[in-house]
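Here the structure comes first, spelled out in structure tokens, and everything after it is commentary.
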There are 4 protein chains.
Amino acid sequence: MAKTHDHTPQSPASQSLPAPVHESRLRARYAETDQMGIVYYSNYLVWMEIGRTEYCRSLGIPYREMERQDRILLAVAEAHCRYLAPAFYDDEIIVRTWIEQASSRLLTFGYEIQCATDGRKLASGYTKHIYCDTQLRATRLPQKYWKVFGVIR
Amino acid sequence: MAKTHDHTPQSPASQSLPAPVHESRLRARYAETDQMGIVYYSNYLVWMEIGRTEYCRSLGIPYREMERQDRILLAVAEAHCRYLAPAFYDDEIIVRTWIEQASSRLLTFGYEIQCATDGRKLASGYTKHIYCDTQLRATRLPQKYWKVFGVIR
Amino acid sequence: MAKTHDHTPQSPASQSLPAPVHESRLRARYAETDQMGIVYYSNYLVWMEIGRTEYCRSLGIPYREMERQDRILLAVAEAHCRYLAPAFYDDEIIVRTWIEQASSRLLTFGYEIQCATDGRKLASGYTKHIYCDTQLRATRLPQKYWKVFGVIR
Amino acid sequence: MAKTHDHTPQSPASQSLPAPVHESRLRARYAETDQMGIVYYSNYLVWMEIGRTEYCRSLGIPYREMERQDRILLAVAEAHCRYLAPAFYDDEIIVRTWIEQASSRLLTFGYEIQCATDGRKLASGYTKHIYCDTQLRATRLPQKYWKVFGVIR
């Protein structure tokens, strides 16, 4: 249902080195459509969340355990999405996720969303996160995660 | 935006004594529609939640404070909804809420959902709840709430 | 990701003959949780929708095509859910779906929702549907679907 | 529940002339929270939709009628949100909406989201839209809407 491979997405020109890109697959739900007959725009942010959950799992860091064991939350500081083509009910969707930038304070994920059925590129975007403790106070990423997230000191 | 008055709804035949019925108003959101052009069915359960939140506020018990101060959660044990007519985007909606039954273990809310614009009855239903502590263990309702919820010993 | 097999679920006592039961799998999303730390109750109705979409696909009737080609919509007339245990973020969920009753006017799906990770039974329920045309007027199921849905005249 | 007044929001420095800013009010729903105990990030895009719906209504153009009568849809081309402070269940929320830029091809709304209870600024953002016909093909805004949206030729 998901795979990770080393291929540089073409859109984030800022990335000069190949970054691992993770692919998740899902199907557009009836609940996610609106009366325009297409997937409602806020749901792309939910799909991005699935993308980064699966990305972290592929790195061997289930996000659930990061929250439970290390009490580290990834609070969203910014979200951006460009909508290129509509997604329809029951479309099989590919969410490509990669880390754009990682520091001990901030983490930025990049995303590309594509329709698996017909290959159309549906959307691209990013989310910026700050690490928080369970009281929602900004904190630093524990060192044990630095390597896997590619943190630059 | 909301009012409470003493009138017995006709549907719950089980109630022989007049129970206070609370009315909340909201507007159907674009996000809540689906490609059928009507409000997606799970959103009625969200509207019921708004109904009981406002009902509790009208009793002088903000549910938020029940959770924060007394650490009492109302976990849902059962939900039921009959859909009588479709709701459309931007319809003004009335949610009528009342307590069907209250004990120190269980609380049942009844609901009627109506379109304010044209008077159509859209749905009726109920939700059954058990009181839980913050560890999600079943507990009893603190005595201070018994009178206001009409708990029968 | 999904399979169909002939085994009678134990809960619907009304069914004396084995009915095909379809299993869909999904993961509880962060977006689906609430501040109680568990999946919000209306999302079970979304999971039921995924269950019946996958059920229809397994019968060789993609629901998307039923809507597009035959202009038949399955409007929800009733929904019921009993919540037995909480679902948590990232839990792998099994949705078992079967047809409880089918006539040319009405279609009832039954559901059981289980946590794949630890085997806990999370919920059971049903949804009743009427067939509608694209103007949302009640209609009859076209005969070509009778056999596959098990319509009893 | 909503009002329009002429005051320039401080954030969009690009706007040199006072633009009408519309205020909508809503309450954060339990359904909108997540297990972090705060409103899930995609719901801010739903609140923005409420903001622009109410903005259009305040201009005398119910968006519902734009879709129904003139068959003009506002498809989202881009969405951006900066999250400044968390929103909590039952917070009363103010959504301030204004038109950042309007042409016969594109419409950009700006937003500021604030907590009414304690005055905290929660978020700011924008959404860019293209006008579409009901077949989702890009089209031009009918001239009758130019004045009210402030379209610059």
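The values are calculated or read from the model by the stated rules, or taken from the named source; none is laboratory data. Bear in mind that the values here come from a model prediction, so they are computed numbers and not experimental data. Reconstructed Cβ throughout: ideal geometry from the backbone, glycine too, with neighbour counts over all protein chains shown. Just the protein is used for accessible areas: all its heavy atoms, side chains included, with ligands, DNA and RNA removed. Shrake-Rupley method; radii C 1.70, N 1.55, O 1.52, S 1.80 Å.
Shown in residue order for the stretch B:101-108 are the 3J(HN,Hα) couplings computed by the Karplus curve 6.51 cos²θ - 1.76 cosθ + 1.60 at θ = phi - 60°: 7, 9, 10, 6, 10, 9, 9, 10 Hz (x for Gly and Pro).
Between this copy and the others, label points of residue C:69 are 4.0, 5.0, 6.1 nm apart in ascending order, each placed 7 angstrom from Cα in the Cβ direction.
Close amide H partners of residue C:139, meaning residues 5 or more places away or on another chain with modelled amide H under 5 Å apart, are C:131, C:132, C:133.
Take residue D:100: with every protein chain present and a 1.4 Å probe, its accessible area is about 60 Å². Figure note: B:36, B:48 ranked by solvent-accessible area, largest first, 1.4 Å probe, ligands and nucleic acids not counted: B:36, B:48.
Of the accessible area of chain B, computed with a 1.4 Å probe over protein heavy atoms only, carbon and sulfur atoms account for 49 percent. Rounded is the label for the protein assembly as shown, because a/c, from the alpha-carbon gyration tensor with a ≥ b ≥ c as root eigenvalues, stays below 1.5.
Name the most mobile residue of A:129, A:22, A:80, meaning the one with the largest mean-square fluctuation, in a Gaussian network model of chain A with Cα contacts below 10 Å. It is A:80.
Pick out which of A:99, A:130, A:38 has the largest mean-square fluctuation in a Gaussian network model of chain A, springs linking Cα atoms closer than 10 Å. Largest GNM mean-square fluctuation: A:38. I'd like the distance between the alpha-carbon centres of the stretch A:102-124 and the stretch B:49-98, rounded to an integer number of Å. Cα centroid of the stretch A:102-124 versus Cα centroid of the stretch B:49-98: 36 Å apart. In the context of the full set of protein chains, residues of chain C present 43 Å² of accessible surface per residue (probe radius 1.4 Å, heavy atoms only). With helices as the sole contributors, the protein assembly as shown gives -5000 deg cm²/dmol at 222 nm; each DSSP H run of n ≥ 4 counts as -39500 (n - 2.57), and the sum is divided by every residue. For the stretch C:61-67, 3J(HN,Hα) computed residue by residue from phi via the Karplus equation (6.51, -1.76, 1.60; θ = phi - 60°) reads 10, x, 4, 3, 6, 4, 5 Hz, glycine and proline entered as x. For each pair in C:121/C:147; A:128/D:128; A:128/D:121, compute the distance between the two Cα atoms and list the pairs where it is over 29 Å. From the list (C:121/C:147; A:128/D:128; A:128/D:121), the Cα-Cα distance tops 29 Å for C:121/C:147. Put a point 7 Å out from Cα along the line to Cβ at residue C:144; what are the distances to that point in the other copies, in nm, shortest first? When each copy's label point is compared with this one, the spacings are 4.1, 5.9, 6.5 nm. Total buried accessible area between D and A, probe 1.4 Å, nearest 100: 2200 Å². Seen through its C-alpha gyration tensor, with square-root eigenvalues sorted a ≥ b ≥ c, chain D comes out prolate because a/c lies at 1.5 or above while a/b is bigger than b/c. Apply the a/c threshold of 1.5 to the C-alpha gyration tensor of the stretch A:66-120 and tell me whether it is rounded, prolate or oblate. Prolate. Placing +1 on the Cβ of every Lys and Arg and -1 on the Cβ of every Asp and Glu, with no other charges, gives the protein assembly as shown a dipole of roughly 0 debye about its Cα centre. Net charge near residue B:133, counting Lys/Arg +1 and Asp/Glu -1 over other residues with Cβ under 11 Å of its Cβ? Around residue B:133, the charge tally is +1. This model, with +1 at the C-beta of Lys and Arg and -1 at the C-beta of Asp and Glu, gives the stretch C:20-149 a dipole about its Cα centre of some 560 debye.
Between copies, the label points at residue D:85 (set 7 angstrom from Cα along Cα-to-Cβ) are spaced 4.1, 4.3, 4.3 nm, reported in nanometres from shortest to longest.
Against the main long axis of the alpha-carbon atoms of chain D, helix D:43-58 sits at an angle near 50°. The residues packed around residue A:144, meaning those with a beta-carbon under 13 Å from its beta-carbon, carry a net charge of 0 if Lys and Arg are +1 and Asp and Glu are -1.
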